Amino acid sequence: MGVRRSRNTERRGTPADLLVVGLGNPGRDYVGTRHNVGFDAVEAFVDRFGGRLRPVKGVPVLADEVRVGTSRVVVAEPTTYMNESGLAVGPLMRRHGIDDPTRLVVVHDELDLPPGRLRVKVGGGLAGHNGLRSIRAHCHTDEFIRVRIGVGKPPDPSRGADHVLRRVPAAERRLLDAVVAHAVDALECLASDGPDVAAERFNGIVVE
């Protein structure tokens, strides 16, 4: 007897060209923190293209589909906590026919990049990021595209959680907002031109 999938995770219609997922923590307490810059980017991206993130039945996520030129792009942010992001990403990949991991884009905060830096990268390590670890566990690959938004390392390495979960000072907030705006441009470029062009165009940007 075959395995029957939930209707809510079965592919429906034509597969999407790209699935863009921003990482963060849900709830008012986490708004404006370094850990939520992935949410900031996807919310600005979906707004640029006239979409609106909304609940998806049977999947712990807010999502919508937008058009970027001729590309159909599903944009999403999990409603789980960061360390369980894969619970949303796995079902979304199946639902929207994303069988090539390079059609999955994950936008996240990056301690190994200083504030003001942005990197577009295909595959790579997890750098201790619990959201990426969860996605790899549920999707069985780490060859997805990352849009890495630098948030810098804390002065005390043992206080990494405090660093990413606290709201940032006003001066750094302006810096992060500027990088998030570039991340939105990078997502548009990924949808229209692919990761090689996006990396060439955005990986050299330094916001000061």
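The peptide list 81-89, 34-42, put in order of mean Cβ contacts within 10 Å with the highest first, becomes 34-42, 81-89. Short-range pairs are left out: with C-alpha atoms under 8 Å and at least six residues apart, the relative contact order of region 11-202 is 27 percent.
Annotation for region 134-194: GluC sites (Glu not before Pro) lying in DSSP loop with at most 16 further Cβ atoms inside 10 Å of their Cβ are GLU143. Here the Karplus curve 6.51 cos²θ - 1.76 cosθ + 1.60, taken at θ = phi - 60°, turns the phi angles of region 25-41 into couplings of 10, x, x, 4, 5, 9, 4, x, 8, 4, 5, 9, 5, x, 4, 4, 5 Hz, with x standing for Gly and Pro.
Read-outs throughout are calculated quantities, based only on the coordinates presented, and are distinct from any laboratory measurement. Worth saying up front: this structure is predicted, and the values here are computed from it rather than measured. FYI the Cβ positions are ideal-geometry reconstructions off the backbone, even for glycines, and counts take in every protein chain you see.
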